[in-house]
1. Select from the range 96-107 the residues that are assigned to a loop (DSSP other than H, G, I, E, B) and out of contact with any Lys or Arg (no Cβ under 6 Å at 6 or more places or on another chain) and list them in ascending order.
2. Looking at the structure I just gave you, is residue 115 assigned to a loop (DSSP other than H, G, I, E, B) and either farther than 30 Å from residue 218 by Cβ or touching a residue at least 12 places away in the same chain (Cβ under 8 Å) (or both)?
3. Working carefully through the options 212, 258, 219, find the one that is at pLDDT 85 or above and of a type outside the set (A, V, I, L, M, F, W, C).
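The values are calculated or read from the model by the stated rules, or taken from the named source; none is laboratory data. Fair warning: this is a prediction, and the values are worked out from it, not measured in the lab. Neighbour counts run over all protein chains shown; Cβ positions are idealised from the backbone, glycine included.
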Amino acid sequence: MGRSLRIEGAGLWYHVIGRGNGGCAIIEDEKDRVAFLARLASVATPYHAEIHAYALMATHFHLLVRTREANLSRFMQRLLTGYANWHHVRHDTYGHLFQGRYHALLVDKNAYGSEVSRYIHLNPVRTGEGRKLSFAQRQGRLRDYRWSSYRAMIGLARAEDWLLTVETLGKYGDEPAEQHRKYAKYVEQGLIEEIADPSEEGRAQSILGRDRFIDRIRRKLRRRAVRDRDAAYKQRQLVSETVDKAVARVARVFGMEREDVKQTRRGRQGNEARQVALWHAWEQCAGAAAAREIGKEMGGVSGCAVVVAHRRMACRVKGDKRLRRLLAKVQ
């Protein structure tokens, strides 16, 4: 799994996954599970992190978290470091317990919150052994599994004080009994049908949401100049546009049609629009498209021509106020 981009903000939802280093066990017995959940509870409160779902497995864990402050990294560091230290003392081990940094998928809760919650809760029966069982056996195992939030979500156990169920169950009815029954039906449908991992629909393995939600996050990344060197390529992917969108912006500024901007070389305005479009496309799309792909969209020019056009425009803009204003308008 590639590194997800660290995108932090107040009120954002995340599907967080932490794995054992080299596939090793991070939770070996009941005492470890109790200790992990105790650590989770003690850290969530001071960091104003809301836990909406969880599942603990031997080699990994899943959390559905909402951060009230832009502090996911600090919250997770405190959680994982504290538990790792405890684990090393108890089991007389040393070194890295967790595999690199955790994976955090930013989730559009309104569009995908239920799907992520279901995926998390189905984890105990998604193992190779679990897939061989009958529906009744898998259902029984799922409902009996004590180390996830599922039992609390369907009314079979009292929810811990730090576990929030209202946000997830609210869409399944008005009364608790109705909510528990409908949510259980929704989740356990995944025991009959093959439910895909929602993260597979995520953008750059970092954001899962509708286009409007993704656009809002992209604007935030551009505006705040977020930098994450460990996931630089993912960041370029997220802030990148399609070539068509970049060209459309140039066309609006020049009062031209998009296809004319892509193809025309006639006249001063047409040539300038095309040069600006090549420059802007490279600026905005390079994270998601190679130079040759941009060139193909721009009427079949080579990737080298795209790079050269960008360099020339960068040189021209230094001594041309009119051009600087024009490019600022395009951006």
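1. Filtering the range 96-107 for residues assigned to a loop (DSSP other than H, G, I, E, B) gives 96-97, 99-102.
Residues satisfying the conditions are 96, 97, 100, 101, 102.
2. Details: assigned to a loop (DSSP other than H, G, I, E, B): no; either farther than 30 Å from residue 218 by Cβ or touching a residue at least 12 places away in the same chain (Cβ under 8 Å) (or both): yes.
Judged against the criteria, residue 115 is not a match.
3. Details: 258 fails: at pLDDT 85 or above; 219 fails: at pLDDT 85 or above.
Every option except 212 fails the conditions.
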